[in-house]
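To start, the structure itself, in C-alpha cells.
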Amino acid sequence: MIKSVCGYCGVGCGLEYESDKLVGNITYPVNSGSVCSKGVSELISIDTATRLLRPKYRESIEDEYKDISWEESINKIVHKIQKTPKERVGFYLSGQLLTEDYYIANKLGKGFIGTNNVDTNSRTCMSSAVVAYKKAIGADFVPLRMKDIFKSNLLILAGANTSEAHVVFHNHIKKAKKKGLKIVVIDPRYTDTAQIADIYLPIRAGSDIDLFNLISKRLIDEELYNKEFVEEHINNFTLLKNKFKRVPVTKMLKRTGLSEEQFEEFFKLYVESENVITAWTMGLNQSVQGVDKNLALLNTHLLTGKIFKPGNGPLSLTGQPNAMGGREVGGLSTMLAVHFGFDDESIEKVSKFWKTENISNKPGLTATQMLEGHLDVLIVCHTDPIYHLPNRNRVEQLMKQIPLVVEINAYQNSETAAFAHIRLPAAPWGEKEGTQTNLDRSITKQERLTRTSIECKPDWEIFKLIAHGLGFAKEFNYSSAKDIFMEYQAMTRLNPYMDMSDAEYDTLSMIPFVWGEKVKEFLTPDKKGNLFFVENKLMSEKTSLEFPFVLLTGRTRDQWHSGTKTNLPATLLKFKALDFCEIHPEDAKALGIEHGDKIRVSSRRGTILTTAEVTERITQKYIFIPISNRDINYLTNDLLDRESLQPDYNHSAVKIEKVI
Ligand SMILES: Nc1nc2c(c(=O)[nH]1)N[C@H]1C(S)=C(S)[C@@H](COP(=O)(O)OP(=O)(O)OC[C@H]3O[C@@H](n4cnc5c(=O)[nH]c(N)nc54)[C@H](O)[C@@H]3O)O[C@H]1N2
Ligand SMILES: Nc1nc2c(c(=O)[nH]1)N[C@H]1C(S)=C(S)[C@@H](COP(=O)(O)OP(=O)(O)OC[C@H]3O[C@@H](n4cnc5c(=O)[nH]c(N)nc54)[C@H](O)[C@@H]3O)O[C@H]1N2
Ligand code: SF4
Ligand SMILES: [Mo]
C-alpha cells in the first residue's frame, strides 16, 4: 500500500493506493478517510487518450504540430531566451504545480535569467487574500486550521461554496454542525452549501464590504468589540471609529439587498457566539475590490480579538492543491522567494543563498498583465490561460502576438494548445512525486504510483533542462525532487516564521508537516494587527437595459476547471452536468425561455451558447454558468483589483436570448 495525497483542491486529502484502487487515508488528520469523486478518480486521468505523450513543435500557429525530440525543443527554447531581453521573457505558472516545480521555475526566472515576470494562475484565485492578509496581519499566513471548526460556535461562509469546491471539508462542517456549530452562508445563490445554513443571507453580488462594515460599525458603536485586545494589539482603531461615524448605514444595508430583520438576526447570532470563524473564497477574492472585501472581513476579527485562539479566525479557503506552496516559494511576480519582497536586504539574502548576481529589484508582470507585456517568450506550465483569463477575445489576440509560446502540459486538449509553438509533455499526478502545501499549511507528498510514460518528464525536470541549456548546470544540479525540496527547506531558514527544517521529505506522505504552528501573534514589524477603513465603491461593470443580468461563475462538484482531467468518458456517466445556465423562473418567463432551452448569453465582449436551467436557487437578475463551460471567459470583463490585480470574474453584465 502506498500513501499519497489528492492533487485537486486545497483541502489536500490523504489517499491510499492498493492494487490499482484509491481510498481515503484514515490516519491522515485532515480528511479522516473520506474523499470526493475527484479524488477517487485520479487514477482514471492517468490513462486517457488525451494525454500529451511527445514534444510537439510548429513554426507558426497556422501550421500543424509535428513531433520533435526533447533535445531539439529545449535547444529552440534556450536559443530564443538567449536572444531575448530578459524583461521580455515570462513564466506563467500554476497553483497546481508541486513545490519543487515551483521552486526551480522561480529560481531560474528570478534568480538566473533575471526577470521577475514569474507569476501564476493564483493571481486569478488568491491574490486578493494574499495582499489583505499581508496588510492586516503582516504576512500571507492562514492563522488557523480547518479542524478549528470543531472548537468554534459560528462559521460564516462568505462567497464560498464548500459543498462543491471543498467537498471533504464541507463534510466536516456538517459533522461540526451536528455538534452545535452554527453556520451562516453569504452568497447571491442558494447553493448546496446554503442548504446547511442556519442563516442564509442572499447578498447582492459585490456588496460584502457593506455587510462587513455594518458589523464592524455596530461592534464599535455598541462597544461590543474587544477593548483590551484592540488596545494592546491593534493599530488604527480611532481612525476607523471616526470614519465609521459618517458612513450611510441605511444605504449600505440597501446595497446588500438584505432586510433589517435578516441583518439583525445575523448580528444577534454573531455577538452571541463566543468563537467565530469566517471563511471565504472566490465570492470575495474575484472582485475589482477583492482586497477591500478581504480587509472588511479581517477588520471584524481584529476588532473582536477572534484570532490566534482555538476555534477562531479568518480562514481563506485556498482553491488549488498547492497554491499555498507556490506562494511560499515565491511564485508570484510581486514577491521574490520565501515570502520576501524586492527590498535590498531580501535580494541580498536570496542572492547569497542562490549564489547569483542576477536578481532584479523591479517587481515583474502579473499573470493578468503578462500578455500585454510585449513578451517574446512565454512559458506556460500546468495551467490554461486562454481558458481562464477574463475577456478571452482580447486574450487570444494578445497571445497571438507572442513569437514563442511554450506550453508544458500533461494533456493535449487545453485551450492554450491552439496558441503555442512548442508543447512539452509533463508527467501528471501518479507518474511523479513531490510536495504540496494545503490550505491550512500541511505539507504532504504525492507519491509516484506508476511508471512515468517514456517521453514524459516531471515539470521540475523540464525546467532543469532549460536551466542547463542556459549554462546554469552547477546551480541546477538536482537529481531528484528530494534534492530540490531539501534546498528549499534550507532556504526557509532565511525567514524565521517560515522555517520548515523539521519536515522529513521521505515520510511526508505518511506524516504531513504543518508549518507555522508556533505563530501566535501578528507578523507585522510592530507585532500589531492593522485595521483599514474600506468602502464599497461600486466599481464592477454596471448592468444596463441592453445587458440587464449579472453573470456569476463558479464550480460544480465533479469537474475540475477546464476538465482535461475530469471531463472524461469514464467519469462523465456518473457525474453532474458540465454546462448549464441557472436562471430564475420569473426572468425565464419574461424572456419566453423554458427549462432545457438552448440560449445565447452575450456581454459587451463576446457570446456563448448554453442551456437554460430554470431554478429558484438563483436570485432574479442574476444568472450562473459553471466554469466547466470552457467558453465562459468570452463573456467576463477584465477589470482588475488595483492592488492584487485579480480579475472581477463574478460580476459581468450580460443579456440572454433564446436560440431559435
Ligand atoms: N469541484 C471543484 N472544486 C474546486 C475547483 C474546481 O474546479 N472544481 N477549483 C478549486 C479552486 S482553484 C478554487 S479557487 C476554489 C473556489 O471555491 P469557491 O469560491 O467556493 O467556488 P465558486 O464556485 O467559485 O464559488 C464562489 C461563490 O461565490 C458566490 N459569489 C459570487 N459573487 C459574490 C459576491 O459578490 N459576494 C458573495 N458573498 N458571494 C459571491 C458565487 O455565487 C459562488 O457560489 O474551488 C476549488 N475546488
Ligand atoms: N470566469 C471564471 N474564470 C476563472 C475562474 C472563475 O471562477 N470564473 N476561476 C479562476 C481560478 S480561481 C483559477 S485557479 C483558474 C484555473 O484555471 P486553469 O489553471 O487554467 O485550469 P485547469 O483546467 O486546472 O488547468 C490546469 C492545466 O494543467 C494541465 N495539467 C494537469 N496535470 C499536469 C501536470 O502534472 N503538469 C503540467 N505541466 N500540466 C498538467 C491540465 O491538463 C490543464 O490544462 O481559473 C480562473 N478563471
Ligand atoms: S475534497 Fe479536494 S483534496 Fe479532498 S478528495 Fe476532493 S478534490 Fe481531493
Ligand atoms: Mo482557484
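The values are calculated or read from the model by the stated rules, or taken from the named source; none is laboratory data. For clarity, every value in this text was computed on a predicted model and none was experimentally measured. Glycine gets a Cβ as well: all are built from the backbone with ideal geometry, and neighbour counts include every protein chain shown.
The table for this structure:
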quantity	calculated
Which numbered condition residue 627 fails, given (1) on the phi > 0 side of the Ramachandran plot; (2) within 16 Å of ligand 3 (Cβ to nearest atom)	(1)
Index of the failed condition, residue 532 passing every other in (1) surrounded by fewer than 18 Cβ atoms within 10 Å (Cβ to Cβ); (2) more than 16 Å from ligand 1 (Cβ to nearest atom); (3) part of a loop (DSSP other than H, G, I, E, B)	(1)
Residue list for region 372-385, filter: crowded, with 24+ Cβ neighbours inside 10 Å and either without any contact (Cβ under 8 Å) to a residue 40 or more places away in the chain or in a loop (DSSP other than H, G, I, E, B) (or both)	375, 382, 383
Odd one out for residue 131, checked against (1) closer than 28 Å to residue 372 by Cα; (2) more than 21 Å from the chain's Cα centre (by Cα); (3) aliphatic (A, V, I, L, M); (4) not assigned by TED's automatic domain parsing to the domain that holds residue 361	(2)
Those residues of region 404-453 which are within 16 Å of ligand 1 (Cβ to nearest atom) and farther than 17 Å from residue 96 by Cβ, in sequence order	440
Some residue of region 342-351 being outside the structural domain of residue 300 (by TED's automatic domain parsing) and in contact with a helix residue (DSSP H, G or I) (Cβ under 6 Å, 6 or more places away or on another chain)	no
Region 328-369, residues that are surrounded by fewer than 24 Cβ atoms within 10 Å (Cβ to Cβ) and within 16 Å of ligand 2 (Cβ to nearest atom)	366, 368, 369
Selection count, region 64-89, where residues are among the polar types (S, T, N, Q) and part of a helix (DSSP H, G or I)	3
Condition broken by residue 61, with the remaining ones in (1) of a type in the set (Val, Ile, Thr); (2) under 30 Å from residue 509 (Cα atoms); (3) in a loop (DSSP other than H, G, I, E, B) satisfied	(2)
Condition met for residue 117 (more than 16 Å from ligand 4 (Cβ to nearest atom) and either of a type in the set (Gly, Ala, Ser) or touching a helix residue (DSSP H, G or I) at 6+ places or on another chain (Cβ under 7 Å) (or both))	yes
Candidates 212, 169, filtered to the one that is within 16 Å of ligand 4 (Cβ to nearest atom), of a type in the set (Phe, Trp, Tyr) and closer than 15 Å to residue 279 by Cβ	169
Filter result (within 20 Å of residue 519 (Cβ to Cβ) and surrounded by 16 or more Cβ atoms within 10 Å (Cβ to Cβ)) within region 471-496	488, 489, 491, 492, 494, 495
Any hit, region 453-464, residues being surrounded by 16 or more Cβ atoms within 10 Å (Cβ to Cβ) and of a type in the set (A, V, I, L, M)	yes
Odd one out for residue 566 among (1) within 20 Å of residue 393 (Cβ to Cβ); (2) at pLDDT below 95; (3) out of contact with any strand residue (DSSP E or B) (no Cβ under 7 Å at 6 or more places or on another chain)	(1)
Candidates 271, 291, 276 - the one that is more than 19 Å from residue 152 (Cβ to Cβ), more than 16 Å from ligand 4 (Cβ to nearest atom) and aliphatic (A, V, I, L, M)	291
Residue in region 34-45 that is part of a loop (DSSP other than H, G, I, E, B) and out of contact with any Gly (no Cβ under 8 Å at 6 or more places or on another chain) present	yes
Region 4-20 residues that are under 12 Å from residue 168 (Cα atoms), paired with ones that are among the β-branched types (Val, Ile, Thr) and within 15 Å of ligand 2 (Cβ to nearest atom) (beta carbon under 8 Å, 6 or more apart)	10/318; 12/5; 13/5; 14/5
Matching residues in region 589-613 - criterion: being free of Cβ contacts under 8 Å to residues at least 40 places away in the same chain, out of contact with any Asp or Glu (no Cβ under 7 Å at 6 or more places or on another chain) and surrounded by 14 or more Cβ atoms within 10 Å (Cβ to Cβ)	607
Top-ranked residue of region 1-55 - restricted to ones that are within 14 Å of ligand 2 (Cβ to nearest atom) and of a type in the set (D, E, K, R), ranked as nearest to residue 429 (Cα to Cα)	42
Of all residues in region 535-574 being without any contact (Cβ under 8 Å) to a residue 24 or more places away in the chain and of a type in the set (A, V, I, L, M), the one that is nearest to ligand 1 (Cβ to nearest atom)	572
Helices (runs of 4 or more DSSP H) within region 238-312 that include 3 or more residues modelled with pLDDT of 95 or more, surrounded by fewer than 17 Cβ atoms within 10 Å (Cβ to Cβ) and acidic (Asp, Glu)	260-272
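A quick yes/no check of all residues on (1) at pLDDT 95 or above; (2) within 24 Å of the chain's Cα centre (by Cα); (3) on the phi > 0 side of the Ramachandran plot:
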{"residue": "361", "(1), (2), (3)": "yes, no, no"}
{"residue": "369", "(1), (2), (3)": "yes, yes, no"}
{"residue": "382", "(1), (2), (3)": "yes, yes, yes"}
{"residue": "385", "(1), (2), (3)": "yes, yes, no"}
{"residue": "388", "(1), (2), (3)": "yes, yes, no"}
{"residue": "411", "(1), (2), (3)": "yes, yes, no"}
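The rows are residues; the columns are (1) closer than 20 Å to residue 452 by Cβ; (2) polar (S, T, N, Q).
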{"residue": "13", "(1), (2)": "no, no"}
{"residue": "17", "(1), (2)": "yes, no"}
{"residue": "21", "(1), (2)": "no, no"}
{"residue": "34", "(1), (2)": "no, yes"}
{"residue": "38", "(1), (2)": "no, no"}
{"residue": "42", "(1), (2)": "yes, no"}
{"residue": "49", "(1), (2)": "yes, no"}
{"residue": "54", "(1), (2)": "yes, no"}
{"residue": "60", "(1), (2)": "no, yes"}
